[in-house]
Amino acid sequence: QVTSEKLCRAQQELHFQAATYLCLLRSVREHLALHQEYHGKGERSPEEVAGLVGFRLPQQPGGKG
């Protein structure tokens, strides 16, 4: 026989599972956003590295750089 207490417990369990799943979805979304922002983009050229720290590379003679 199902009592109202068992129904209430099942309802609370379902609410807990939904809240846990919502937390998972939010966390995955936030993780992806942080990963896209801070993940390394591979090796940078010397010009890019110099620009990051506020320097400019010297010009090569003959206009090569």
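The values are calculated or read from the model by the stated rules, or taken from the named source; none is laboratory data. Computed from a predicted model, the values in this text were never measured in an experiment. Note that each Cβ is placed from the backbone with ideal geometry, even for glycine, and that neighbours are counted across all protein chains shown.
Scanning the range 23-45 for residues that are surrounded by fewer than 10 Cβ atoms within 10 Å (Cβ to Cβ) and part of a loop (DSSP other than H, G, I, E, B) turns up His39, Gly40, Lys41, Gly42, Glu43, Ser45. Taking the stated definitions as given, is Phe55 outside any helix (DSSP H, G or I), modelled with pLDDT of 85 or more and surrounded by 10 or more Cβ atoms within 10 Å (Cβ to Cβ)? When the stated conditions are applied, Phe55 passes them.
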